[in-house]
Amino acid sequence: MSRYITIAAAQLGPIEKDHSRRSVVERLIAMLHQAATSNCELVVFPELALTTFFPRWYTEELSAHDHYYETSMPSEATQPLFDEAKRLGIGFALGYAELTEPDVDGRQHRFNTTVLVERDGTIVGKYRKVHIPGHEDDEPWRPFQHLERRYFEESNEGFGVHRAFGGIVGMATCNDRRWPETYREMGLQGVELIMIGYNTPIHYAPDPGQNALQGFHNHLCMQAGAYQNGTWVVGVAKGGVEAGVESLAQSCIIAPSGQIVAQATTTGDEVITARCDLDRCKDFKETLFNFDRYRRPDVYQRITSQKGVIEPPENTSN
Ligand code: CDT
């Protein structure tokens, strides 16, 4: 049996501070049209795909950056994307900054969110980023800031999956891709396709020795997550030099074997596609990674009961 779906990873090049939402949405729609020429049914856009990566700038008052957030989805600016995708019969995943309605205590919340939309225009679900990297306060020693922990809350909603696009699909966002728990949480729900948008600066200020390995680590974690859970993974970058900061591109589509089947070759707006057979997941889920047969959750208790490292006591005998 085969269950094919043709998927596009729509990589974005830089979005500068003064680029309007309207101009960005026009770029997204142009890539939607390009995907349509390859008969794609699903287009995956990057994390924070509507604006520049604003967490690189410190503001004392969070509200000074509220114009980077969407208070509804679709918003007025993104409605043309929703309309065109529905007309073309193409679904999409879109990363954006979400500012919620006030809760019962009158507090608004800020999340790094991805919305998933079906081919008929219905919203399948939202994913709010779980692992928030970077720092909370201005750190002037850095050449640029990575203030995600100032501008976004950690979501406690976890990694849900959805029956959509003829299979079981889930989402993760950027730093989530580096954590094996992300994939395994969805793997345990039978996920067949994980969509991941990212903004990854090449320069890692706490340890610049890792800069040269950014591309390697990007593929390493997504390929391992795909293979170890028998799932397709689509990783999509906002890459190139934005506000003087160079970010990784190398968007890719990864098979359940862990092999990359399509990869971007530029650092700008680029659509790559692959015809993905969701039934290939079974080759791995029903053999080496037959969870029900081989996993040992009885000896994995530390995974959920412990957060940081607890080393064994020092050996005092010598
Ligand atoms: N957007 C995002 O999560 N980027 C992080 C950069 C970490 S360095 C502070 C990433 O893991 O790619």
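Quick notes on this structure:
- Charge dipole of the chain about the Cα centre (unit charges at C-beta), most positive-ward option of Met73, Ile123, Pro55: Ile123
- Only helices enter this figure: runs of n ≥ 4 DSSP H residues, each worth -39500 (n - 2.57), summed and divided by the residues of the chain, yield -6000 deg cm²/dmol at 222 nm to the nearest 500.
- Antiparallel content of DSSP bridges confined to region 19-120, in %, to 5: 65
- Long hydrophobic helices in the chain: the complete DSSP H runs spanning 15 Å or more by Cα along their own axis with mean Kyte-Doolittle hydropathy of at least 0.0 are 21-37.
- Neighbours of Ala224 by Cβ distance under 12 Å: Lys/Arg scored +1, Asp/Glu scored -1, total +3.
- Antiparallel %, DSSP beta bridges [both residues in the chain], to 5: 65
- In terms of Cα atoms, the Rg and Dmax of the chain work out to 19.7, 74 Å.
- Chain lengthening between Glu136 and Thr37 when straightened (0.36 nm per residue, less Cα-Cα): 31.3 nm
- Antiparallel DSSP beta bridges within region 112-266, as percent of all bridges there, nearest 5: 65
- Spatial separation of Cα centroids for region 193-230 and region 58-106, in angstrom: 26
- Whichever lysines have a C-alpha closer than 22 Å to that of Lys307, once near sequence neighbours (fewer than 8 apart) are set aside: Lys129
- R0 of 45 Å, Cβ-Cβ distance Glu153-Met1: FRET efficiency to nearest 0.05: 0.60
- Here the extension length gained between Leu62 and Gln210 equals 50.2 nm, from 0.36 nm per residue of separation less the Cα-Cα distance.
- Of the peptides 92-100, 17-25, 239-247, 163-171, the ranking by mean beta-carbon count within 10 Å, highest at the top, reads 92-100, 163-171, 239-247, 17-25.
Any read-out appearing in this document is the output of simple, stated calculations on the displayed coordinates, not a laboratory observation. Bear in mind that the values here come from a model prediction, so they are computed numbers and not experimental data. Because the Cβ atoms are built from the backbone with ideal geometry, glycine has one as well, and the counts that use them run over all protein chains shown.
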